[in-house]
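Asks: Mind having a look at this structure? Questions to follow.
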2 protein chains.
Amino acid sequence: MGRGRVQLKRIENKINRQVTFSKRRSGLLKKAHEISVLCDADVGLIVFSTKGKLSEYASDSSMERILERYDRYSYAEKKMKEPDLESPASWSLEHAKLKARMEVLQRNQKHYMGDELDNLSTRERQNLEHPPEGSLKHTRAREI
Amino acid sequence: MGRGRVQLKRIENKINRQVTFSKRRSGLLKKAHEISVLCDADVGLIVFSTKGKLSEYASDSSMERILERYDRYSYAEKKMKEPDLESPASWSLEHAKLKARMEVLQRNQKHYMGDELDNLSTRERQNLEHPPEGSLKHTRAREI
DNA sequence: AAATCTATGTATAAGGT
DNA sequence: TACCTTATACATAGATT
């Protein structure tokens, strides 16, 4: 592209790497959007820069919903292939991965439900249990 | 691209849409890979076709790890912005999303731990509790 | 670091096999 | 259906500001 071929290997010059990242990231996000619109595809794209900054794109549905769909699909796929009971080692690896992810989510929950819940007024707690009309609508907007 | 401009709207012709999807998907996956290598970025890409078929790309680290990182980042970001205690409605929306995702993961866990655990031999159960050396190494290969 | 400018390399829309 | 071909649109490396 541009004035010269590109070797598919890490760009060592820090400046060039950053510039190229910025250019290509926008190109990638654009293409992700295009395929989602043109082809009616559900797309989720997550990009962490070297420095750890997050960029993301999610079609129509939110990233949250796409990741849920991904989880469900991955699970269904596993069922299809019939869990490999012959190799409990690799099986327990899958389990460990799931568990690790669970723990992250649980930690989040705990913070929300525990620590921060203490700061909420009684009224706010009631809203948690019985959310005002409309506040959850988005969550159900599109079944997959 | 190609022999004519492209309107950014859903391709109505089913055949063309499928063909374009196939071409663009491979282009998108390629670009995702390129930016990850050239710019040392951590990339996760999830694409569901109209028919619901999944395609995915994940750099070095596995998709599982990228999604964990995404969860952690999202959570940290939320903390930075300081939970908006003034609007419990939107707050409970976030909570509902998290909870929904938890439930998917919990369902997966349950299937693994419940139904299918019954089919494992005693030896295999022991491996679950005390996995053989090396079986979990991959999970810790790269801290973020 | 972001914005603009171009020469050049790529992706891909149509069409063909 | 999937793989070629080719004309054209697009993306982008490198340079400049």
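Asks: If we hang a label 7 Å off Cα along the beta carbon direction at residue B:102, how far is it from the matching labels on the other copies, in nm, shortest first?
Replies: With the label placed 7 Å along Cα→Cβ, residue B:102 yields 1.3 nm.
Asks: In the full protein assembly as shown, how much of residue A:56 is accessible to a 1.4 Å probe, in Å² to the nearest 10?
Replies: 80
Asks: Put a point 7 Å out from Cα along the line to Cβ at residue B:33; what are the distances to that point in the other copies, in nm, shortest first?
Replies: Shortest to longest, the spacings are 2.6 nm.
Asks: Beta carbons within 10 angstrom, averaged per residue: use that to sort the peptides A:65-73, B:14-22, highest first. Please list the in-between numbers first.
Replies: Working: A:65-73: 19.3, B:14-22: 14.3.
Ranking, from highest mean packing down: A:65-73, B:14-22.
Asks: Which ³J(HN,Hα) values, rounded to whole Hz and listed in residue order, are derived for region A:47-59 from phi using the Karplus coefficients 6.51, -1.76 and 1.60 in 6.51 cos²θ - 1.76 cosθ + 1.60 with θ = phi - 60°, glycine and proline given as x?
Replies: For region A:47-59, the Karplus curve yields 10, 9, 6, 3, 6, x, 7, 8, 10, 8, 9, 9, 6 Hz.
Asks: From the backbone phi of region B:23-36, what are the Karplus-calculated ³J(HN,Hα) couplings (6.51 cos²θ - 1.76 cosθ + 1.60, θ = phi - 60°) in whole Hz, Gly and Pro given as x?
Replies: Going residue by residue, I get 5, 5, 4, 5, x, 5, 4, 4, 5, 4, 5, 4, 5, 5 Hz, with x marking Gly and Pro.
Asks: Starting at the first residue of region B:65-76, write each ³J(HN,Hα) from the Karplus equation 6.51 cos²θ - 1.76 cosθ + 1.60 with θ = phi - 60°, in whole Hz, x for Gly and Pro.
Replies: 5, 5, 5, 4, 4, 4, 4, 5, 4, 4, 5, 4
Asks: Starting from a label point 7 Å past Cα on the Cβ side, list the distances from residue A:4 to the same position in the other copies, nm, shortest first.
Replies: Relative to the other copies, residue A:4 has label-point distances of 3.9 nm.
Asks: On to the next question. With all protein chains present, calculate the accessible area of residue B:61 using a 1.4 Å probe and round the result to the nearest 10 Å².
Replies: 10
Asks: Set the bar at 20 Å for Cα to Cα. Now go through A:51/B:23; B:30/B:53; A:23/B:53; A:30/B:30; B:14/B:51; A:9/A:31 and name every pair that lies beyond it. Could you put the intermediate results ahead of the total?
Replies: On the way: A:51/B:23 32 Å; B:30/B:53 18 Å; A:23/B:53 30 Å; A:30/B:30 14 Å; B:14/B:51 11 Å; A:9/A:31 22 Å.
Too far apart for the 20 Å limit: A:51/B:23; A:23/B:53; A:9/A:31.
Asks: For region B:1-81, just the Cα atoms, rotate onto the principal axes and tell me the three extents in Å, largest first.
Replies: Result, largest extent first: 46, 27, 24 Å.
Asks: Give the A-B buried accessible area in Å², both sides summed, 1.4 Å probe, nearest 100.
Replies: Summed over both sides, the interface buries about 8600 Å².
Asks: Distance in nm between label sites at residue B:16 and residue A:72, each 7 Å beyond Cα in the beta-carbon direction?
Replies: 3.2
Asks: As a check on your reading of the symmetry: which chain A residue has its Cβ nearest the axis that brings A onto B, and how far is it in Å?
Replies: So the closest residue, with its distance, comes out as A:45, 3.
The values are calculated or read from the model by the stated rules, or taken from the named source; none is laboratory data. A quick note: this is a predicted structure, and the numbers were derived from the prediction, not measured. Note that we place each Cβ from the backbone using ideal geometry, even for glycine, and neighbour counts take in every protein chain shown. Keep in mind that these areas ignore ligands, DNA and RNA; they rest on the heavy atoms of the full protein, side chains included. Shrake-Rupley method; radii C 1.70, N 1.55, O 1.52, S 1.80 Å.
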